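Heads up: the structure comes next, in structure tokens.
The values are calculated or read from the model by the stated rules, or taken from the named source; none is laboratory data. In this text the structure is predicted, and so the values were computed from the model without any measurement. Glycine also receives a Cβ, built like all others from the backbone with ideal geometry; neighbour counts cover every protein chain displayed. What goes into the accessible areas is simple: the full protein's heavy atoms, side chains included, and nothing from ligands, DNA or RNA. Shrake-Rupley method; radii C 1.70, N 1.55, O 1.52, S 1.80 Å.
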Amino acid sequence: MRGEKFLSSAVSEHVVAACLKRLDKEQTSLERLAPRQREVLQLVAEGHTTKDIAKRLSISVKTAETYRGELVKALDIHDIASLTRYAIRVGLVSVDT
């Protein structure tokens, strides 16, 4: 009658679980990346090819491809433009880079 909202315990469990899941996702996905994945993301966002990335990091092209694949999976971002926008948004690279 006072305009307050109440949830049953069964519903509140689902609401709390959804909120926790959302908070976990919002725990910057950048923090969930391994340092090498962050390096690869930065280089991708700077416009480097997989071959360039491998050379710069002294790893094989196959390993660089693996890091890129893990990165795409971890972030659920599947194209270079979106990876670049993400890297800019989280401050990994700047527009001037």
Next item on the list: Keeping the other protein chains in place, figure out the carbon and sulfur percent of the accessible area of the chain, with a 1.4 Å probe.
Entry: 55 percent
Check: Between ILE88 and LYS62, what is the spin-label point distance in nm, taking each point 7 Å from the Cα along the Cα→C-beta axis?
Finding: 3.6 nm
Check: Taking the Cα centre of the chain as the origin, how large is its charge dipole in debye, to the nearest 20, when only Lys and Arg (+1) and Asp and Glu (-1) carry charge on their Cβ atoms?
Finding: 80 debye
Check: Roughly how much of VAL15 is accessible, in Å² to the nearest 10, using a 1.4 Å probe?
Finding: 60 Å²
Checklist line | Accessible area of the chain divided out per residue, in Å², using a probe of 1.4 angstrom | finding: 74 Å²
Notebook entry, point to check: Among rounded, prolate and oblate, which fits the chain when a ≥ b ≥ c are the square roots of the eigenvalues of its C-alpha gyration tensor, a/c under 1.5 means rounded, and a/b larger than b/c means prolate?
Noted result: prolate
Margin query: Full-extension gain between VAL15 and LYS51, please, as 0.36 nm times their residue separation minus the C-alpha to C-alpha distance.
Written below: 8.4 nm
Item checked: Over the chain: helical MRE at 222 nm, DSSP H runs n ≥ 4 each giving -39500 (n - 2.57), nearest 500 -> -20500 deg cm²/dmol
Next item on the list: Return one number: the angle in degrees, 0 to 90 and rounded to the nearest 10, between the long axis of the Cα atoms of helix 61-75 and the longest principal axis of the Cα atoms of the chain.
Entry: 20 degrees
Next item on the list: Report the label-to-label distance for ALA34 and GLU70 in nanometres (one decimal), using points 7 Å from each Cα along the Cα→Cβ vector.
Entry: 0.2 nm
